[in-house]
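In what follows, a single structure is set out as structure tokens and then discussed.
The values are calculated or read from the model by the stated rules, or taken from the named source; none is laboratory data. In this text, all values refer to a predicted model and were calculated from it rather than measured experimentally. Quick reminder, even Gly has a Cβ in these numbers, built from the backbone with ideal geometry, and neighbours come from all protein chains shown.
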Amino acid sequence: ALGSCFEEGKGPHIFDFTEWWKFCRAYHDLPNDPTGWFLTNIYLLVEDTLATPGAILTNSYLSIARRKYEPPPYDDYPIQVYPALEDEIKHRAHYVMYPVQLLSGGHYALVIRHKDQWPPMPADIMYDKGDATYPVGHKSHSDDRGETWTNDDDDDVCFAAYGTPPTPTAPPAAPAGNIAFLDIKQTITATGYEIVVITDVPCHVYMMWTNKEPNKHKIVGLRRGDLALRETRVCFVSWHKNEQEEAGDTLTHTFIKEPWPVCETRWFTFRAEVQSLWSASSSPIFKKHRPSPPTTQDFYPDPHPEVSSFDGFSLAGRTYLTWAQLRARPALLWYDTGSYMYVLVKGTSQVDKWYEIDRSLPLFDTSEIEPGSTILSATLKLYLDCPYCQLPGFAINIYSSDPLLNTALSQEDHLSLGSIPFSTKLELTEVF
């Protein structure tokens, strides 16, 4: 029987000798062989079915059990194989070889030979006239049906693996088994979060989450012969599994986590399938706390006398100026003691000449906002009394300012306004 163990761990495979036996030749070159064997060259044809892609033929051996019979009258007489009876088969020889890698797509011949004999390889066995490799092997024998074996240290053999099959067609690329989680984004919603995960290869992602803090513990690990509690493991006590919103394998993976109660903390991690096969990759464990919903605070400028803020208006002009000159004119007057503010432009009877421009500056003390808070939005509300607002082509808007003082309007404040509008302009085309 010809047997072998494959590296992929499928266990030993025994092959019927008659199935793989191409032919063998007997010689009387070693009549003093202590085992009584005179067989020195054995040729076995190994079909391509044995040579699976990337297989490594390890611990391959040839075991021969023979009946005693008189040697043939001449050397080149083929051995005859008889149906041997168990009680007659006592003498056995075992030829073991070292690993050799086989490629799929062709035939191989495994040849056992004594080291001191290298007759030419028969042409009908050589495949594509490939070069042979010679993994070293050794021989042992048994005289008690394989109960005990004796190594023949002075009678080692070599296996010759012949055959250079054509290069097999490359199989299609396997789906990427490993993935990387590149980014995670979140958007707060009215009752929870929308969480988006980005990966480097298309896959189908699942979120495993729990609202109970995971257990963290150590397990025994072996490093350089030393067993100790060193490997950290994190275990979810009670967890849920949610599938991404998108169908199929994608690069973007969305999870709508609603409802998510206020002030609840969750721990979650992600795993993925690539073409319906689980990937060994997983994300880190994330911890997320849902804070209280946003609150709204109102702020008002201080009335006169001011404490921490002010409101008022300033004016420039009171003479005939071009529009550009009027806009760049320093303040002539400024007021912060009244209960009103003006946004005003006065024209003149002269073409392209303007008389006055008024600007209003309210200041708000927002120190009540807790440090670290995030401003989601801000709204400026003004009460308008506008008897002269039917001015097509005119509009008002809100801009930044940089007042010199916090509790009083100054002349310099009139020209401290920014140039970027904070809102959509309000057309002065109707009565408010």
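Each row is one residue, and each column tells you yes or no for (1) loosely packed, with under 11 Cβ neighbours inside 10 Å; (2) at pLDDT below 95.
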site: Ser238; (1), (2): yes, yes
site: Gln244; (1), (2): no, no
site: Pro259; (1), (2): no, yes
site: Phe270; (1), (2): no, no
site: Glu273; (1), (2): no, yes
site: Ser279; (1), (2): no, yes
site: Ile285; (1), (2): no, yes
site: His289; (1), (2): yes, yes
site: Ser292; (1), (2): yes, yes
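Condition (residue is aliphatic (A, V, I, L, M), within 21 Å of Asp311 (Cβ to Cβ), in a strand (DSSP E or B) and within 56 Å of the chain's Cα centre (by Cα)) applied to segment 375-392: is it met by at least one residue? No - not one qualifying residue is present in segment 375-392.
Kindly provide the set of residues from segment 272-301 that are in contact with a Lys or Arg (Cβ under 9 Å, 6 or more places away or on another chain) and closer than 14 Å to Phe181 by Cβ, ordered by number. The answer is Ser279, Ser281, Ser282, Ser283, Phe286. Only one of the numbered conditions (1) farther than 23 Å from Val274 by Cα; (2) within 21 Å of the chain's Cα centre (by Cα) is violated by Glu213, and that is (2). Checking the stated criteria, Trp323 turns out to be assigned by TED's automatic domain parsing to the domain that holds Thr366 and not aliphatic (A, V, I, L, M).
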